[in-house]
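The values are calculated or read from the model by the stated rules, or taken from the named source; none is laboratory data. Keep in mind the model is a prediction, meaning the values are calculated, not measured. Methodologically, a virtual Cβ is constructed for each residue, glycine included, from the backbone with ideal geometry; neighbour enumeration extends over all protein chains shown. Each accessible area value is taken on the protein alone, full model and side chains, heavy atoms only, with ligands, DNA and RNA left out. Shrake-Rupley method; radii C 1.70, N 1.55, O 1.52, S 1.80 Å.
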Amino acid sequence: MTTVTAPPARPRASSFSGVNPTFVRYELARRFNRQTTIFTLLLPAVLYLALFRTAPARGTLPHGNFAAWMMIGLAVYGAAMAATSSAATISVEKSAGWMRTIALSPLAPPGYLLVKVLCSVVMAAVPVAIVGVLGLVTGARADAEVWVTSLVVAWLGAAVFAALGISLGLALKPDVVMHMPGLTMTALAFLGNLFIPLSGTMLEISRYTPMYGVSTLARYTLTDGYSFSGEHSGLAGAVLNIVAWFAGFGFMAVRRFAKSTGRQ
């Protein structure tokens, strides 16, 4: 009796094989759909206009004003929500069986996930720009260095939440995951010291949440690390927070992707 064995799978040249400009352009085009774009543009802008005048009694900052503080927080929030919502659309691909197709293609998992993260971060630039323009026209005042570094950090920090979005998208069904980013990001933004200045116990809790690191790093040139109540947050703690959460969300995304494609 003859035994037939399947030919061995062809080894990939690298972890990023199969990534090409056509695939990147396709992913970018999918990100900018009408529903997602309108939602990610409007909510951070409306929240900024509602909150930028709510300065506390001791609302003085060394390198700008409270409107700039709120502008940076809403830029972080908008970027995080855009990246999470954009990356979470991977749930639709999973439900359509696209993950199994990827398993048969030359596209390696790290390359596929990297493109998802990069395209989601590109999408995140839109709300950051909108909130920045609103800050400019509504009296947000800060040193030139603050404007540049804060908005760039808010934008690039969205990579952390793109990894979270991929994890959510691969773990949940499309009809569930489409409602998760807004609720999740709003809760994390409150805990992360984005909407109102936190102090005391709430600020201590905030230090262990995903948005704390990005928001603290983004505002550091504005505040020198000090809260309105005088408590200090160091750069090292902010960077460690970003690295730890990105590593955690990234690991979750890789594991969920491996399970979805059968690549254990």
Next on the checklist: Sequence gap at least 6, Cα distance under 8 Å: using those rules, report the relative contact order of the chain to the nearest whole percent.
Outcome noted: 27 percent
Item to check | Relative contact order %, region 90-202, counting alpha carbon pairs below 8 Å whose residues are six or more apart | outcome: 43 percent
Item to check | 5 angstrom amide H check on Val19, placed H, neighbours 5+ away | outcome: Ala108
Item to check | Only Lys, Arg (+1) and Asp, Glu (-1) charged, at Cβ; the chain dipole about Cα centre in debye | outcome: 920 debye
Next on the checklist: Just to be sure I follow: if Rg is taken over the C-alpha atoms of region 158-204 and Rh is the Kirkwood radius over the same atoms, what is Rg/Rh?
Outcome noted: 1.09
Checklist entry - What is the spread of the Cα atoms of region 192-238 along each of their three principal axes, largest first, in whole Å? => result 23, 22, 19
Checklist entry - Could you give the Stokes-Einstein D for the chain in µm² per second, using the C-alpha Kirkwood radius, 10 °C, 1.306 mPa s? => result 82 µm²/s
Checklist outcome for this item: In whole Hz, the Karplus estimates of ³J(HN,Hα) for region 140-155 (6.51, -1.76, 1.60; θ = phi - 60°; x where Gly or Pro) are 5, 10, 7, 4, 4, 4, 5, 4, 5, 5, 5, 6, 5, 5, 4, 5
Next on the checklist: With an 8 Å Cα cut-off and a minimum separation of 6 or more residues, compute the relative contact order for region 169-264 in percent.
Outcome noted: 25 percent
Checklist outcome for this item: Computed ³J(HN,Hα) along region 241-251: with the Karplus parameters 6.51/-1.76/1.60, θ = phi - 60°, integer Hz and x for glycine or proline, the list is 4, 4, 4, 5, 5, 5, 5, x, 5, x, 5
Checklist entry - Which angle between 0 and 90 degrees, to the nearest 10, do you get for helix 210-223 versus the longest principal axis of the chain when only C-alpha atoms count? => result 40 degrees
Next on the checklist: Accessible area per residue for the chain in Å², computed with a 1.4 Å probe and the full protein assembly in place, what is it?
Outcome noted: 49 Å²
Next on the checklist: Quick check: the angle from helix 21-31's long axis to the longest principal axis of the chain, C-alpha only, nearest 10 degrees?
Outcome noted: 50 degrees
Next on the checklist: As I understand it, the dipole of the chain uses +1 on the Cβ of Lys and Arg and -1 on the Cβ of Asp and Glu, about the Cα centre. Which of Leu74, Ala244, His232 lies farthest toward its positive end?
Outcome noted: Ala244
Checklist outcome for this item: Rounded to a whole %, the carbon-and-sulfur portion of the accessible area of the chain at a 1.4 Å probe is 70 percent
Item to check | Charge dipole (region 80-221, unit charges on Cβ, about Cα centre) - positive-most of Pro181, Pro210, Trp147 | outcome: Pro181
